[in-house]
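Q: After the structure tokens below, expect a handful of questions from me.
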DNA sequence: ATGATGCGCTTGTGATCACAAATGAGCCAC
DNA sequence: GTGGCTCATTTGTGATCACAAGCGCATCAT
């Protein structure tokens, strides 16, 4: 048996580092729709060669976080209105189910953590910081969904978030919002009350409300 | 403007060929759970170098069609019962919605095509051919869902099929089935009648029935 | 017989390179 | 000025290579 003091920290793998950092930037709306990227540029930025950069890009393209033209040029996607509506419907479908599964497992500590995150969201809104707003908003949802104990379902929801990242940045950039998300309070209230139909409605409303106005 | 007689057939790209052929094999149950693969072996089989083979494998691993050990070894996944049940729930969630969206667009020609496919399924069952059974069964579902005009949703459903491919092979291999799928007839009947609740129930039953017995 | 040990070979990773295609800026003709 | 053409540059693709780590088998001691 191997009892040698093997280092615990796994994955110093180059392509995985690049993938994760790029993924976070895209999901959180750091890049606008249609933004162009190059393999050599990515490699230079993350101090790797083209090979791991290409693997990271390929994976993100497969997940819909990046698009590749017929000639292989890389850019963030510019979604059609039909695609946006479909992704919003997917969010509703998946996240309502995730919330419903998380409800029986949601104890008080979780609800309080969500409330804390909600104040951070309000802060991001006050500072007109689109990236912070998107990131904390997703953190609010993910905190709840982690309790659903449904990793494949959560992964699919995150893939949808990823595809919507650049588009959400474009939305929240031009949307002059002043109040923190209203439906988050309804979600928290439904969680406290153990009200499943109310929770499903609140999540569906929160998810579709913001995205309905994306259809410019 | 470019009026040169450019060849119409796009994508002679090596990594894409490898990806598609591997994906089809996995989705249709050509490989059992836990089957090991190597980059050099794949490259040799499809007459490419390691580079495109690795890109194809990475993409399939990202979609859950392959698993990579901490040391990078490649194999088809061996799913836990919890994961199987979660994927079955995802199938139900997504495919019920897809069927529901396809219903108003399903004209007679589509229903007749589905019926033809259904006879092919019966034939595969009669021949005890697991791969043919899985392939024609998925073709039956995809034919319906294509009418939903929801490409992102269909892509997610196919990702679930992909993850279940090897496991479904293992199931249908040991399951001695004699009759063609019963719920397919209910799906067709609901389509003819324009009965949406009946269609949703039939699809959900068909999807969960086969997978419920996967939990050995 | 059983378990540990050591080693050779297989395997994935990432860098580099040659190549072809496409892009875009500059130039020219009208 | 406007439109089309040309060419240098950028960019993605895929092959090859050096390297390190892991797996598995044979060997050996007990």
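The values are calculated or read from the model by the stated rules, or taken from the named source; none is laboratory data. Because the structure is a prediction, the values reported are computed rather than measured. Glycine gets a Cβ as well: all are built from the backbone with ideal geometry, and neighbour counts include every protein chain shown.
Q: Can you name the condition, by its number, that residue B:77 falls short on among (1) within 16 Å of DNA strand C (Cβ to nearest atom); (2) at the interface with another protein chain (Cβ under 10 Å from one of its Cβ atoms); (3) at pLDDT 95 or above?
A: The number of the failed condition is (2).
Q: Taking the options B:159, B:208, B:143, name whichever one is modelled with pLDDT of 95 or more and either surrounded by fewer than 20 Cβ atoms within 10 Å (Cβ to Cβ) or in contact with a strand residue (DSSP E or B) (Cβ under 7 Å, 6 or more places away or on another chain) (or both).
A: B:143 is the lone residue from the list that is modelled with pLDDT of 95 or more and either surrounded by fewer than 20 Cβ atoms within 10 Å (Cβ to Cβ) or in contact with a strand residue (DSSP E or B) (Cβ under 7 Å, 6 or more places away or on another chain) (or both).
Q: Please enumerate the residues belonging to region A:70-86 that are within 16 Å of DNA strand D (Cβ to nearest atom), closer than 16 Å to residue A:169 by Cβ and buried (at least 20 other Cβ atoms within 10 Å of the Cβ). Spell out how you get there, then give the answer.
A: Applying the first criterion (within 16 Å of DNA strand D (Cβ to nearest atom)) to region A:70-86 yields A:70-77.
Okay, now just the ones that are also closer than 16 Å to residue A:169 by Cβ, so A:75-77.
Correct list: A:76, A:77.
Q: Turning to a different aspect of this structure: Checking residue B:82 against (1) free of Cβ contacts under 8 Å to residues at least 24 places away in the same chain; (2) within 11 Å of chain A (Cβ to nearest Cβ); (3) within 16 Å of DNA strand C (Cβ to nearest atom), only one condition comes out false. Which one?
A: Evaluating residue B:82 over (1) free of Cβ contacts under 8 Å to residues at least 24 places away in the same chain; (2) within 11 Å of chain A (Cβ to nearest Cβ); (3) within 16 Å of DNA strand C (Cβ to nearest atom) leaves (3) as the failure.
Q: Restricting to region B:46-69, name every residue that is in a helix (DSSP H, G or I), within 13 Å of DNA strand D (Cβ to nearest atom) and touching a helix residue (DSSP H, G or I) at 6+ places or on another chain (Cβ under 6 Å).
A: B:46, B:50, B:52, B:53, B:54, B:55, B:56, B:58, B:59
Q: From the set of residues in region B:46-56 that are near DNA strand C (Cβ under 7 Å from one of its atoms) and surrounded by fewer than 17 Cβ atoms within 10 Å (Cβ to Cβ), which is nearest to residue B:73 (Cα to Cα)?
A: B:50
Q: Quick test of your reading of the structure: residue A:59 fulfils all but one of (1) within 27 Å of residue B:70 (Cβ to Cβ); (2) buried (at least 16 other Cβ atoms within 10 Å of the Cβ); (3) more than 9 Å from DNA strand C (Cβ to nearest atom); (4) more than 10 Å from chain B (Cβ to nearest Cβ). Name the failing condition by number.
A: Here residue A:59 clears every test but (4).
Q: Can you tell which of A:170, A:89, A:106 is touching a helix residue (DSSP H, G or I) at 6+ places or on another chain (Cβ under 6 Å) and crowded, with 18+ Cβ neighbours inside 10 Å?
A: Numbers: A:170 fails: touching a helix residue (DSSP H, G or I) at 6+ places or on another chain (Cβ under 6 Å); A:89 fails: touching a helix residue (DSSP H, G or I) at 6+ places or on another chain (Cβ under 6 Å).
Going through A:170, A:89, A:106 in turn, just one is touching a helix residue (DSSP H, G or I) at 6+ places or on another chain (Cβ under 6 Å) and crowded, with 18+ Cβ neighbours inside 10 Å: A:106.
Q: A further question on this structure: Does residue A:67 satisfy being surrounded by 15 or more Cβ atoms within 10 Å (Cβ to Cβ), under 15 Å from residue A:165 (Cβ atoms) and more than 14 Å from chain B (Cβ to nearest Cβ)?
A: On the way: surrounded by 15 or more Cβ atoms within 10 Å (Cβ to Cβ): yes; under 15 Å from residue A:165 (Cβ atoms): yes; more than 14 Å from chain B (Cβ to nearest Cβ): no.
Spelling it out, it is not the case that residue A:67 is surrounded by 15 or more Cβ atoms within 10 Å (Cβ to Cβ), under 15 Å from residue A:165 (Cβ atoms) and more than 14 Å from chain B (Cβ to nearest Cβ).
Q: Here's another thing I want to ask about it. Any residue in region A:177-197 that's within 17 Å of residue A:126 (Cβ to Cβ): show its pairings with residues that are not in a helix (DSSP H, G or I) at Cβ separation under 9 Å, as long as the two are six or more apart or on different chains.
A: Note: pairs meeting the criteria are A:177/A:128.
Q: Another one. Mind listing just one residue for me: the one in region A:13-35 that is within 14 Å of chain B (Cβ to nearest Cβ) and touching a helix residue (DSSP H, G or I) at 6+ places or on another chain (Cβ under 7 Å) and, of those, farthest from DNA strand D (Cβ to nearest atom)?
A: Of everything passing the filter in region A:13-35, A:23 is farthest from DNA strand D (Cβ to nearest atom).
Q: Within region B:36-45, can you find the residues that are surrounded by 17 or more Cβ atoms within 10 Å (Cβ to Cβ) and either within 14 Å of chain A (Cβ to nearest Cβ) or within 12 Å of DNA strand D (Cβ to nearest atom) (or both)?
A: Selection gives B:39, B:42, B:43.
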